[in-house]
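K.L.:
Structure in structure tokens, see below.
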Amino acid sequence: MEISNSDSNILIKIAEPKDFFDLNLCAREFIDFIHDFKKKFLDKIFFVLTAYYNNVLAGILVAEDKSHKVDSLEKIVPIMYLHLLYINPKYRKKKLGKQLLETFLTIQKKKGIALVTIKLPQKYKKGIDFFQKNNFRPVNMDKSKIILEINLWNDYGIIDCQIISDDLNNMF
């Protein structure tokens, strides 16, 4: 599925199984760090966006729906975990990363996802700066990793909220 874009040189697409070989060519050294990437991609567990610049695959974004994992008893929310956002060095500084991320967040908002989170190495200052410039906030840090998140419900508003029960006294 192609997604229209304001920059005519950039095309963002949702990856399909036939794109697997191209994804490996684009970012093999990073994909190899994602546990069971091939199986999870082919089984459609991963949500993958691709960025083409002048018809050349120049970047990818890999995310996974973690909604089935309960954050806490009080907070059961739909969550997407961002595994990877990679832009080929030849195509950086062309707004590809920003376009990929904005497209991803727009799709997730429409799907009703509440939270998008990413874990990065503390030493990866450029990546941390990129996500912070795009409204991600640090929520947890240790000596080697930082977790950043963006709360789509709180930051952009809930589009629709429905009460499932007619009897409010029996809801809790």
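The values are calculated or read from the model by the stated rules, or taken from the named source; none is laboratory data. Since the model is a prediction, treat every value here as computed from it, not as a measurement. Note that we place each Cβ from the backbone using ideal geometry, even for glycine, and neighbour counts take in every protein chain shown.
K.L.:
Test Pro138 against the criterion of being of a type outside the set (Lys, Arg), touching a Lys or Arg at 6+ places or on another chain (Cβ under 8 Å) and over 20 Å from Ser8 (Cα atoms), and give yes or no.
P.N.:
Details: of a type outside the set (Lys, Arg): yes; touching a Lys or Arg at 6+ places or on another chain (Cβ under 8 Å): no; over 20 Å from Ser8 (Cα atoms): yes.
So Pro138 fails the test.
K.L.:
Right, next: List every residue pair whose Cβ atoms sit under 6 Å apart, with the two residues 6 or more apart in sequence or on different chains, where the first one lies in region 114-139 and is in contact (Cβ under 8 Å) with a residue 12 or more places away in the chain and closer than 17 Å to Tyr86 by Cβ and the second, anywhere, is in a helix (DSSP H, G or I) and aliphatic (A, V, I, L, M).
P.N.:
Leu120/Ile128; Asn134/Leu101
K.L.:
Whether any residue in region 44-54 is at pLDDT 90 or above, among the small types (Gly, Ala, Ser) and either surrounded by fewer than 21 Cβ atoms within 10 Å (Cβ to Cβ) or within 19 Å of Gly127 (Cβ to Cβ) (or both) is what I want to check.
P.N.:
Among the residues of region 44-54, at least one is at pLDDT 90 or above, among the small types (Gly, Ala, Ser) and either surrounded by fewer than 21 Cβ atoms within 10 Å (Cβ to Cβ) or within 19 Å of Gly127 (Cβ to Cβ) (or both), which makes the answer yes.
K.L.:
In region 17-116, which helices (runs of 4 or more DSSP H) lie fully inside it and hold 3 or more residues that are more than 28 Å from Arg137 (Cβ to Cβ)?
P.N.:
On the way: elements: 20-31, 37-42, 96-111.
Fully inside region 17-116 and qualifying: 20-31, 37-42.
K.L.:
Restricting to region 78-94, and then to whatever is touching a residue at least 12 places away in the same chain (Cβ under 8 Å) and out of contact with any strand residue (DSSP E or B) (no Cβ under 7 Å at 6 or more places or on another chain), can you tell me which residue is surrounded by the fewest Cβ atoms within 10 Å (Cβ to Cβ)? If you could, list the steps in order and put the result at the bottom.
P.N.:
Step one: list which residues in region 78-94 are touching a residue at least 12 places away in the same chain (Cβ under 8 Å), which gives 78-88, 90-91, 94.
With the extra rule that they be out of contact with any strand residue (DSSP E or B) (no Cβ under 7 Å at 6 or more places or on another chain), the set shrinks to 78, 90.
On the way: Pro78: 16, Lys90: 9.
If we take residues in region 78-94 being touching a residue at least 12 places away in the same chain (Cβ under 8 Å) and out of contact with any strand residue (DSSP E or B) (no Cβ under 7 Å at 6 or more places or on another chain), then Lys90 is surrounded by the fewest Cβ atoms within 10 Å (Cβ to Cβ).
K.L.:
Let me ask another. Inside region 117-136, can you point out the residues that are more than 21 Å from Asp65 (Cβ to Cβ) and outside any loop (DSSP other than H, G, I, E, B)? Show your work before the answer.
P.N.:
First, pick out the residues of region 117-136 that are more than 21 Å from Asp65 (Cβ to Cβ): 121-130, 132-133.
Correct list: Pro121, Lys125, Lys126, Gly127, Ile128, Asp129, Phe130, Gln132, Lys133.
K.L.:
How many residues does region 97-134 hold that are under 15 Å from Gly59 (Cβ atoms) and either surrounded by fewer than 19 Cβ atoms within 10 Å (Cβ to Cβ) or more than 14 Å from the chain's Cα centre (by Cα) (or both)?
P.N.:
The qualifying residues number 6.
K.L.:
Pick out the one residue from Leu85, Leu25, Leu42 that is aliphatic (A, V, I, L, M) and within 17 Å of the chain's Cα centre (by Cα).
P.N.:
Working: Leu25 fails: within 17 Å of the chain's Cα centre (by Cα); Leu42 fails: within 17 Å of the chain's Cα centre (by Cα).
The conditions single out Leu85.
K.L.:
All but one of (1) under 16 Å from the mean Cα position of the chain (by Cα); (2) over 24 Å from Asn54 (Cβ atoms); (3) part of a helix (DSSP H, G or I) hold for Asn154; state the number of the condition that does not hold.
P.N.:
(1)
K.L.:
With (1) among the β-branched types (Val, Ile, Thr); (2) part of a loop (DSSP other than H, G, I, E, B); (3) modelled with pLDDT of 90 or more as the list, and Ile159 as the residue in question, which single condition is left unmet?
P.N.:
In the conditions (1) among the β-branched types (Val, Ile, Thr); (2) part of a loop (DSSP other than H, G, I, E, B); (3) modelled with pLDDT of 90 or more, Ile159 misses (3) alone.
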